[in-house]
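Chemist: Following this message is one structure expressed as structure tokens.
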Amino acid sequence: MLTLHALPFMSALVQIPIRMDAPVSVPVPLELLAVAFASASGMLSARKDKLDFIGALGIAIVCGLGGGVLRDVILQRGDVYILDQPLALHVSIATAALVFVFPILVEKPDRLLAFFDIFAVGLYAAMGADKALRYELTVPAALMMGFFTAVGGGMLRDIILSRVPYIFQRGNFYAIAALAGTGVYVFMVTVWHTPKVLALIACTVLTMVLRWVSLKYNILSPTEVNFSQMARPLRRFKTRTTETVLRQIQSTKGEHALDERHERVVAEIEARRSQVTHLEQAQHRSHRGRKHNRS
């Protein structure tokens with residue numbers, strides 16, 4: 001039986017913790033810029049749902065800082081970002097209040113907001129994965145922490161607003177882009193031993209590029225994949241001829257059956273109309289005959 005221990009590479013990825021004490025160095029202005037734009041995005045979402053100021057402020061804070069809170073609650077190690085960084089909460093509240101009063105600041109330049117939103121996703125992904133690696137967690141755990149940090153705020157926002165989280169719906173790459181960026185960061189740091197700043201840049205750039213490509217070419221995340229319904233070889237012919245042709249024939253037969261049924265219904269309607277017409281004509285002749293006899 002094939003076990004995880006039979007695969008040295010996978011076993012190493014899952015079981016070997018990686019010690020990295022130095023956190024990734026992100027300039028504070030850049031970090032706070034990501035918080036601000038994520039909070040602005042949350043405020044716009046709250047305005048669309050007609051929330052009052054308190055509700056909209058809460059949604060904005062959840063979008064801006066909720067992913068980090070979710071990561072820190074799961075990790076239960078080290079500092080809590082929303083409390084350790086004194087400016088983060090202030091920037092989130094100030095941005096949310098400004099957008100609530102002057103939404104035109106971000107509604108008009110919607111492309112700029114979308115750009116910085118996915119930029120924040122890539123930045124958060126690297127920061128979340130890095131914190132997991134610093135506390136000797138395994139690679140899968142680091143991937144999960146990076147993913148939750150990147151998209152956890154939007155997921156919590158949708159849960160609070162009682163709707164299916166956007167990252168779980170079919171659409172252009174968002175969660176997939178975040179997961180890919182997280183994977184690149186973890187791989188570059190743990191396998192290639194790349195400086196964290198370069199890995200951070202690669203993570204952010206890849207996340208933004210995947211998002212942009214999916215929007216430009218309308219590439220959607222897969223859904224309803226069922227391999228049992230895919231074309232497979234026909235054994236009786238012992239060739240690679242697939243069942244696709246048979247399915248097309250079956251669908252054509254179904255269409256023909258619908259057409260025949262439609263024709264039968266139309267014929268029945270015409271027959272009933274003809275019967276009604278004959279009955280009316282007979283009644284009319286009978287009525288004329290009675291009038292003739294009276295005269």
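The values are calculated or read from the model by the stated rules, or taken from the named source; none is laboratory data. Note that the structure is predicted; figures quoted are calculated from it, not measured. Don't worry about glycine lacking a Cβ; one is built from the backbone with ideal geometry, like all the others, and counts go over all protein chains shown. Please note that ligands, DNA and RNA were not included when accessible areas were found on the heavy atoms of the full protein model with its side chains. Shrake-Rupley method; radii C 1.70, N 1.55, O 1.52, S 1.80 Å.
Chemist: Is it the case, given these coordinates, that residue 212 is hydrophobic (A, V, I, L, M, F, W, C) and either loosely packed, with under 13 Cβ neighbours inside 10 Å or modelled with pLDDT of 95 or more (or both)? First the steps, then the outcome.
Modeler: Details: hydrophobic (A, V, I, L, M, F, W, C): yes; either loosely packed, with under 13 Cβ neighbours inside 10 Å or modelled with pLDDT of 95 or more (or both): no.
The answer is no for residue 212.
Chemist: Right, something else. Against the condition under 21 Å from residue 214 (Cα atoms) and surrounded by fewer than 19 Cβ atoms within 10 Å (Cβ to Cβ), how does residue 103 come out, does it pass? Show your work before the answer.
Modeler: Numbers: under 21 Å from residue 214 (Cα atoms): no; surrounded by fewer than 19 Cβ atoms within 10 Å (Cβ to Cβ): yes.
No; evaluated as a whole, the condition is false for this residue.
Chemist: Here is a follow-up. Kindly evaluate residue 112 against the criterion of being surrounded by 12 or more Cβ atoms within 10 Å (Cβ to Cβ) and either under 22 Å from the mean Cα position of the chain (by Cα) or in a helix (DSSP H, G or I) (or both). Break it down stepwise before answering.
Modeler: Numbers: surrounded by 12 or more Cβ atoms within 10 Å (Cβ to Cβ): no; either under 22 Å from the mean Cα position of the chain (by Cα) or in a helix (DSSP H, G or I) (or both): yes.
Spelling it out, it is not the case that residue 112 is surrounded by 12 or more Cβ atoms within 10 Å (Cβ to Cβ) and either under 22 Å from the mean Cα position of the chain (by Cα) or in a helix (DSSP H, G or I) (or both).
Chemist: Would a scan of the stretch 22-30 turn up a residue that is part of a helix (DSSP H, G or I), open to solvent by 70 Å² or more (accessible area, probe 1.4 Å) and modelled with pLDDT of 90 or more?
Modeler: Scanning the stretch 22-30, I find no residue that is part of a helix (DSSP H, G or I), open to solvent by 70 Å² or more (accessible area, probe 1.4 Å) and modelled with pLDDT of 90 or more, so the answer is no.
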